[in-house]
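Here the structure comes first, spelled out in structure tokens, and everything after it is commentary.
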Amino acid sequence: MGTLYCISFMFFISVIRLDFCRSSAAVDYMTEQKAECHYVNGTQQVRYLDRYFYNQEELVYFDSDKGYFIAKTEFGKPDADYWNKNKDIIEQRKSAVERFCKHNYGVWKEGAIERKVKPEIVVSLMPNHEEPRTVHHILQCNVFGFYPSEVEVKWYRNGQEETELVTSSALFQNGDWSFRILVMLETEIHKGDTFTCEVHHISLEAPHRVDWHPQMSDSAKSKRATGIGGIVLGTAFLIVGVVIYMRGRKAKTPFRGPQSEHFIHT
């Protein structure tokens, strides 16, 4: 199956504001035209859509695969009927496949179609599950910053793929031509377990894998660091105390008893 790409352009937005003499507020009406080029395997198969909207509702559109306008609502039927009877309009829309889509494919190819950005991956235990025990917990694999949007994320536990308790968020757009997705695994966590998040993306030569171990939780790291810090600090104080004590002993004058000849003998 070929790779599908869609390039969409909004040609214009017309906003009409009507102020009625008996109305307390102005009313906005918006019309919108959107042209889309859908590519399969480069320019081997190209589909052109010319879509018309009124107040964000699609009324009618032209589909190059069909060769005519199609009404989406009753309000769009008069336009569809009128345009379909006009051969010049129909031929103009059909020619957009060559004139508009294929002609501009090279312009969009490098900047959009062939653009690839590798994903960043962060695996962690959910904040309210920071103490892994033999009960169900939720691990999350945060995959972000990738382009294009097609991505596959898998979870493994000790080398075995997990599928039953895996849930995924919707695909989010970051607003900078990159995407983000969160895939979670609900599972039991035991000492010695290894959990792996595996990401498949067109920007990667091979699937990228990130491992997570129970002792790698933020809570465990914090407690371990605190314990090590306490031991080091305690040892330092002990050494300082011993040094001070030894120096104090050397500074004292040793006690000497009276010489035997000074004793009074009776």
Looking only at residues that are among the polar types (S, T, N, Q) and in contact (Cβ under 8 Å) with a residue 40 or more places away in the chain in region 26-50, which one is surrounded by the fewest Cβ atoms within 10 Å (Cβ to Cβ)? Gln44
Could you tell me which numbered condition Ile70 fails, if it satisfies all but one of (1) in a helix (DSSP H, G or I); (2) more than 30 Å from Asp176 (Cα to Cα)? (1)
Of the residues in region 172-201, those that are at pLDDT below 95, over 16 Å from Val122 (Cβ atoms), under 19 Å from the mean Cα position of the chain (by Cα) and not charged (D, E, K, R) come to Gln173, Gly175, Trp177
Checked pairs for region 110-123, first touching a residue at least 24 places away in the same chain (Cβ under 8 Å), second part of a strand (DSSP E or B) and among the acidic types (Asp, Glu), C-beta under 9 Å and 6 or more apart or across chains, list as Val123/Asp211
Any residue that is touching a strand residue (DSSP E or B) at 6+ places or on another chain (Cβ under 6 Å) and either in a helix (DSSP H, G or I) or hydrophobic (A, V, I, L, M, F, W, C) (or both) - is there at least one of those in region 85-92? no
If you scan region 187-209, which residues turn out to be surrounded by fewer than 16 Cβ atoms within 10 Å (Cβ to Cβ) and farther than 23 Å from Trp108 by Cα? Glu188, His190, Lys191, Gly192, Asp193, Thr194, His200, Glu205, Ala206, Pro207, Arg209
For region 107-121, name all the residues that are loosely packed, with under 13 Cβ neighbours inside 10 Å and under 30 Å from Trp155 (Cβ atoms). Lys116
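If you go through region 135-184, how many residues are aliphatic (A, V, I, L, M) and in a loop (DSSP other than H, G, I, E, B)?
First, pick out the residues of region 135-184 that are aliphatic (A, V, I, L, M): 135, 138-139, 143, 151, 153, 165-166, 170-171, 181-184.
Filter once more, so that each one left must be in a loop (DSSP other than H, G, I, E, B): 135, 151, 165, 170-171.
Looking only at that region, the number is 5.
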In region 55-73, anything over 35 Å from the mean Cα position of the chain (by Cα) and among the aromatic types (Phe, Trp, Tyr) is listed as Tyr68, Phe69
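The values are calculated or read from the model by the stated rules, or taken from the named source; none is laboratory data. Note that the coordinates shown come from a computational prediction; the quantities given were computed from them, not determined experimentally. Here Cβ is always computed from backbone atoms with ideal geometry, including for glycine, and neighbour counts include all displayed protein chains.
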